[in-house]
1. Can you tell me which residue within segment 47-72, out of those that are surrounded by 19 or more Cβ atoms within 10 Å (Cβ to Cβ) and touching a residue at least 40 places away in the same chain (Cβ under 8 Å), is nearest to the chain's Cα centre (by Cα)?
2. Could you list, ordered by first residue, the pairs with Cβ atoms under 6 Å in which the first is in segment 83-103 and under 14 Å from GLY120 (Cβ atoms) and the second is of a type in the set (D, E, K, R) and at pLDDT 95 or above, at least 6 apart or interchain?
3. Return only the number of the condition from (1) out of contact with any Leu (no Cβ under 9 Å at 6 or more places or on another chain); (2) part of a helix (DSSP H, G or I) that ARG121 does not satisfy.
4. When you go through ARG111, ARG177, ARG121 one by one, which is the residue that is farther than 23 Å from VAL77 by Cβ and among the basic types (Lys, Arg)?
5. Here are the criteria: (1) under 20 Å from ALA68 (Cβ atoms); (2) touching a Lys or Arg at 6+ places or on another chain (Cβ under 6 Å). Tell me which single one THR93 does not satisfy.
6. Among what's in segment 83-127 and is among the polar types (S, T, N, Q) and within 12 Å of the chain's Cα centre (by Cα), pick the residue that is nearest to TYR161 (Cα to Cα).
7. In segment 157-186, what residues are of a type outside the set (Gly, Ala, Ser) and more than 21 Å from ARG140 (Cβ to Cβ)?
8. Scan segment 112-140 and report the pairs whose first residue is at positive phi and without any contact (Cβ under 8 Å) to a residue 40 or more places away in the chain and whose second residue is in a helix (DSSP H, G or I) and not hydroxyl-bearing (Ser, Thr, Tyr), with Cβ atoms within less than 8 Å and a gap of 6+ or a chain change.
Amino acid sequence: MYGGLDRSAPAVKAADDKLIADATHAFGSRANAARAWVEQGYRFYQANQLGMATRRFNQAWLMNPDNAEVYTGFAAVLHDQNRFCDAMKMMETALSLKPPSFQGVYADAGRIAARCAAQGRGLSGPERAAMIARSDALFRNGERVEPDKAYLYNAWASAYYWNGQYADAWAMVSKARQAGGRGNAKFLDMLRAKMPEPPQP
């Protein structure tokens, strides 16, 4: 969101107004422009071009600040910068805008909350416990709306891993496999280093 800077200065406002007018003309509406720039932002993100991804998400935010995917985009960039608690704030904003539940948003938010709990600097004990509880609630909500999704269970396994709940992480790996998932080999090696894989029943 352009760093939260005041965008009412005449030169900044004029530039924003021109961008909005040009994009509305090119895409047919502000909402269409926002969607297009979100898609471009994710393409840059997947290519590990975080600066360009942020630029596109900023432009999409300017066009439509009520688009939940703008905030999940910001969260993805912040996650990759290891700014997990900042990323979680963006995910909470995205969730408040009621994004489509079928895109794994609850799994992503749950995983980010767990990373914030595990690695967020300056969190008090109660704040850390609350973030762990928030992570678990998000995963349970995701399981309710998207049952038997390997993606959700793999994300849940990683959330448990980051907070030292290794037996629970293995239980989620098992659920992911039952749902047809294979899991990430590097993550499974990390988990095995903390706790041997339990025998399957």
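1. TRP61
2. Matching pairs, first to second residue: PHE84/ARG115.
3. The one condition ARG121 does not meet is (2).
4. ARG177
5. Against the list (1) under 20 Å from ALA68 (Cβ atoms); (2) touching a Lys or Arg at 6+ places or on another chain (Cβ under 6 Å), THR93 comes up short only on (2).
6. Checking each candidate, the answer is GLN103.
7. ARG182, ASN184, LYS186
8. If the second residue must be in a helix (DSSP H, G or I) and not hydroxyl-bearing (Ser, Thr, Tyr), no pairs are left.
The values are calculated or read from the model by the stated rules, or taken from the named source; none is laboratory data. Predicted model, so just to flag it, every value in this text is computed and none were measured. Cβ: placed from backbone, ideal geometry, glycine included. Neighbour counts: every protein chain shown.
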